[in-house]
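The values are calculated or read from the model by the stated rules, or taken from the named source; none is laboratory data. Being a predicted model, the structure only gives us computed values, none of them experimental. Here Cβ is always computed from backbone atoms with ideal geometry, including for glycine, and neighbour counts include all displayed protein chains. Quick note on the areas: whole protein, heavy atoms, side chains included, nothing else; ligands and nucleic acids left out. Shrake-Rupley method; radii C 1.70, N 1.55, O 1.52, S 1.80 Å.
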Amino acid sequence: MAISLKIQTTMEIPLMPLREVVMFPRAVAPLFVGREGSIKAIKCAIEQYNRQIFLVAQRDSSVSRPEEKDLFGIGTVCRILQLLNLPDGTIKVLVEGLHRARWQSSGNFFSSAVGAIGDPTRPGTVVDLKNGDFSLHEGAESFQLVRMLPFDEEEAAAHEAGATQEAVHEVLEEYGKFNKKITNEVLYAVTSNKNPGALADAVAPLLKADYLKKQEILEEPNQVRRLDMVFEFLQREVSYAGMDHRIKNRVKRQMERNNREYYLNEQIKAINKEMGRDEDPEAELKDLEARVAEKNMPDECREKVRREIKKLRHIPTTAAEYTVSRNYVDWILDLPWNILKETMIDLDRARTTLDADHFGLDKAKERILEYLAVQKLVNKLKGPILCLVGPPGVGKTSLAKSVATATGREFVRLSLGGVRDEAEIRGHRRTYVGALPGKIIQSLKRVRFNNPLFCLDEIDKLSTDFRGDPASALLEVLDPEQNHAFADHYLDMDYDLSQIFFITTANSLHSIPLPLQDRMEIIKLPGYLETEKHSIGKFFLLPKQVEAHGLETGNLRLSDNSLLEIIRSYTKEAGVRGLEREIAAICRKSAMQIVESGDLGKQVTVTCQNISQFLGVKKFRYGEREDKVRVGVCTGLAYTELGGELLMVETAIMPGSGKVSTTGKLGEVMQESASAALSYVRSRADSFGLRPDFHKDIDIHIHVPEGATPKDGPSAGITLTASLVSALLGLPLRNDLAMTGEITLRGRVLPIGGLREKLLAAHRGLISTVIVPKDNEKDIKDVPDEILKGLNLVFVSHVDEVLPLALVAGAGDIYPEGRRSNPLYLSLRHGPDLGEGRVAAH
């Protein structure tokens, strides 16, 4: 028999969609509501519709703003019992299901809890719950009023569902044994329902079935079939719950069996101990205690280790904590706390070792020997930390190794390049899985002595990220006032690093923090000169590579000029690594020729003429002077980490409007030097025989060739000035003269750096005269005699001393670009043609 609930067809109430939840009649359930439209629907139902709201499940729970097609056609009319506003803006609402119903859209949508968008002026429109106005808020999430339609249910006779009801009661009682939420009170309330439809509606919310299955139960009009569906799902739940219960019991029995096996194993170990058949953990702990008693370590450390061993006695050997504590004890006992290697400081032996391993580097060697002499007198290592700074390949790391050999210390090298984690220096705390001490402590364990020479390589390559700043951790390591109590996180106690001889290396200082620089004494290692590279290649690298490639001394003949050609045309570096690679390439080619000829005594000769057969075409070119004198072209000198270079400065003038341009990838400082040179020339225009406003009618272009190479620095000031004056006066500059020096607006010549390398470039480029600032005269003692030989050094303090030496006076009329043959120069003249005479008078 079909029945239908009496529902007014014109009844409209707010609709709220549910995600993965199905509400049944007579059920009371709490709901957490967060969607804006749903919250407004609930508030509207409370204030306008006698707390009644229609709840219907979504077909797809991922849809955030469901439309009519996204909702099921049957839901439940509910009454709102309680509402609680939560701090996060959501609400908790307690609802009670009243009855099933179908629904039909009324076409009225509401935004921001205001009147219907379809008809905002109709009677009964919902007033804004906050302000009471009817304004529409564009873009706000809306809810819908829906019209309730009757749901026809097929009522069953009492005898039709009697057996099923009894079966449901029995299975539900069994299910209550596994589901703690089904209390006796709930069980009594559910089983008291005599109507099969009401019983099905009461049991369905207790099931853990999928919401789509529950929706099928909700939509079933036949009460008997609905109860059968519930009974089927309930039986399945009882089956799953029973299986889960059996699995848990099985796991419990397995754990009990494991405990029993552990107990029996312990008994077996005790029996084996009595019979002497196996190692005893207690015996291992006694061995550790014996090592602690014999170990030369601080008393505080000894007590801490004993406490750890005592703790080990109470921890099962199979426990993870036992392994952690045992590793910690092993680390402490393996460290060389007070174990020092006997060292000997013999200055003669140290000097011999340094000279044998390294050519040149006299200043660095002298500073290291001074350091060792002081240590010998005070008999203590406490003192500044040495930092060797220089370009790659000059022998910083190998120099540190030679110091270790000379002093009889163990050598430890730790590369810091790319280290970005503070724990690499200080270690990890023991609470972390796989924790270890820092690299400092690990290295000391390997060398087994507490006074090695520790080389911290590439200290300028340290990085920083969210894991900490390793450079800050090194402040304690490299401070002689603090490193006697270095705190490693893993050891959790102070460790004495004061007996370690620390030497650090770096390529540059700008990336090393100033506090860290302050703790070190900086020793700069300049790049090798060409003469030094020649000696290193001849006496060190060539014999080394000949032996490494299986050649005899007479198998390869490399002339001095050939070696010099390799240095100049096939390498461009501050060190000698590239030179060693090129020599190795020659050795490989020679070995191939000897093997192919079958004559193991054959001699391969390498000359400047056939060197390309071994190394290919030339890779680099070195600066050479101009082949003849030219107007506006001046030879300067530049310093790079790779050595000195000739720097050609070209200036051209042309009719224009006073524009000045500089090209050649000049840096900011060098561009300022060009501006200073032009300002100086303009301020002295009358002295040069130029009109005061000569610059207004011309454009000046200053160019430094090799435009792909960045150039910067103030030392080209007088070079720029001389080039500019030459171009303005039409007087050529000497091609056998080079100059270097910074210029001021008053024409003063200031000192520069890198004089040694610059003079080498002049010597190599066949320059005969070099103009140098007067204040650099003291630096000549650092320049080798073989470089000074053949160079005429002129020391100047003002530009007025430079121009008469650099300009070729009297030659302006014999060159095509000379002033007398070019009307542009004549137009710049002020009065008679006195330019040459006035320059000469300077």
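Residue by residue through segment 445-476, note down the ones that are under 24 Å from ASN327 (Cβ atoms), at pLDDT 85 or above and hydrophobic (A, V, I, L, M, F, W, C).
VAL447, PHE449
Scan segment 337-359 for residues that are among the acidic types (Asp, Glu) and over 39 Å from the mean Cα position of the chain (by Cα) and jot them down. First the steps, then the outcome.
Going through segment 337-359, the residues among the acidic types (Asp, Glu) turn out to be 342, 346, 348, 355, 357.
Of everything in segment 337-359, those that are among the acidic types (Asp, Glu) and over 39 Å from the mean Cα position of the chain (by Cα) turn out to be GLU342, ASP346, ASP348, ASP355.
Return the residues of segment 196-215 that are hydrophobic (A, V, I, L, M, F, W, C) and under 15 Å from HIS99 (Cβ atoms); say none if nothing qualifies.
ALA198, ALA200, ALA202, ALA204
Do you know which residues across segment 48-92 are in a loop (DSSP other than H, G, I, E, B) and more than 24 Å from MET11 (Cβ to Cβ)? Let's see the steps before the verdict.
Restricting attention to segment 48-92, the residues satisfying the condition of being in a loop (DSSP other than H, G, I, E, B) are 49-51, 59-67, 72-73, 86-90.
Within segment 48-92, ARG59, ASP60, SER61, SER62, VAL63, SER64, ARG65, LEU86, PRO87, ASP88, GLY89, THR90 meet the criteria.
Keeping to segment 681-718, report how many residues are under 17 Å from SER661 (Cβ atoms), among the small types (Gly, Ala, Ser) and surrounded by fewer than 16 Cβ atoms within 10 Å (Cβ to Cβ).
Of the residues in that region, 1 qualify.
With respect to GLN609, is the statement that it is polar (S, T, N, Q) and out of contact with any Gly (no Cβ under 9 Å at 6 or more places or on another chain) true?
Details: polar (S, T, N, Q): yes; out of contact with any Gly (no Cβ under 9 Å at 6 or more places or on another chain): yes.
Considered against the rule, which asks whether it is polar (S, T, N, Q) and out of contact with any Gly (no Cβ under 9 Å at 6 or more places or on another chain), GLN609 comes out as yes.
Filter segment 67-108 down to residues that are among the charged types (D, E, K, R) and more than 59 Å from the chain's Cα centre (by Cα) and give me whichever is most open to solvent (accessible area, probe 1.4 Å). Write out each step before concluding.
Our first condition is that a residue be among the charged types (D, E, K, R); within segment 67-108, this holds for 67-70, 79, 88, 92, 96, 100, 102.
Cutting the leftovers down to more than 59 Å from the chain's Cα centre (by Cα) gives us 79, 100, 102.
Details: ARG79: 90, ARG100: 5, ARG102: 107 Å².
Looking at the filtered set, the residue picked out is ARG102.
I'd like the full set of residues that are crowded, with 22+ Cβ neighbours inside 10 Å, small (Gly, Ala, Ser) and touching a Lys or Arg at 6+ places or on another chain (Cβ under 7 Å), limited to segment 424-472.
GLY438, the sole residue that qualifies.
For segment 548-562, which positions are more than 13 Å from SER590 (Cβ to Cβ) and under 42 Å from the mean Cα position of the chain (by Cα)?
If the condition is that a residue be more than 13 Å from SER590 (Cβ to Cβ) and under 42 Å from the mean Cα position of the chain (by Cα), then no residue fits.
Can we say ASP60 is open to solvent by less than 40 Å² (accessible area, probe 1.4 Å) and of a type in the set (Asp, Glu)? Steps first, answer last, please.
Details: open to solvent by less than 40 Å² (accessible area, probe 1.4 Å): no; of a type in the set (Asp, Glu): yes.
The answer is no for ASP60.
Considering each residue of segment 522-552, count those that are closer than 30 Å to LYS758 by Cα and in a helix (DSSP H, G or I), and give that number.
The number of residues fulfilling the criteria is 13.
For segment 40-57, how many residues are under 28 Å from LYS208 (Cβ atoms) and open to solvent by 10 Å² or more (accessible area, probe 1.4 Å)?
Of the residues in segment 40-57, 0 are under 28 Å from LYS208 (Cβ atoms) and open to solvent by 10 Å² or more (accessible area, probe 1.4 Å).
Among the numbered criteria (1) outside any loop (DSSP other than H, G, I, E, B); (2) more than 23 Å from LEU86 (Cα to Cα), which single criterion is violated by ALA41?
Going through the list (1) outside any loop (DSSP other than H, G, I, E, B); (2) more than 23 Å from LEU86 (Cα to Cα), ALA41 breaks only (2).
Considering only segment 473-486, how many residues are without any contact (Cβ under 8 Å) to a residue 24 or more places away in the chain, open to solvent by less than 60 Å² (accessible area, probe 1.4 Å) and out of contact with any Phe, Trp or Tyr (no Cβ under 9 Å at 6 or more places or on another chain)?
Matching residues across segment 473-486 total 0.
Residue check: is MET23 in contact with a strand residue (DSSP E or B) (Cβ under 7 Å, 6 or more places away or on another chain), buried (at least 17 other Cβ atoms within 10 Å of the Cβ), part of a loop (DSSP other than H, G, I, E, B) and not aromatic (Phe, Trp, Tyr)?
Working: in contact with a strand residue (DSSP E or B) (Cβ under 7 Å, 6 or more places away or on another chain): yes; buried (at least 17 other Cβ atoms within 10 Å of the Cβ): yes; part of a loop (DSSP other than H, G, I, E, B): yes; not aromatic (Phe, Trp, Tyr): yes.
Answer is yes for this residue.
Could you check segment 357-371 and list, in sequence order, the residues that are at negative phi and either surrounded by 14 or more Cβ atoms within 10 Å (Cβ to Cβ) or touching a residue at least 24 places away in the same chain (Cβ under 8 Å) (or both)?
Result: ASP357, HIS358, PHE359, LYS363, ALA364, LYS365, ARG367, ILE368, LEU369, TYR371.
Looking at THR317, is it outside any helix (DSSP H, G or I), crowded, with 16+ Cβ neighbours inside 10 Å and at pLDDT below 80?
no
In segment 303-314, which residue that is free of Cβ contacts under 8 Å to residues at least 40 places away in the same chain and either in contact with a strand residue (DSSP E or B) (Cβ under 7 Å, 6 or more places away or on another chain) or surrounded by 13 or more Cβ atoms within 10 Å (Cβ to Cβ) (or both) is nearest to MET493 (Cα to Cα)?
Here the answer is VAL305.
Could you look through segment 750-777, keep only residues that are within 45 Å of the chain's Cα centre (by Cα) and surrounded by fewer than 19 Cβ atoms within 10 Å (Cβ to Cβ), and pick out the one that is modelled with the lowest pLDDT?
This residue is GLY753.
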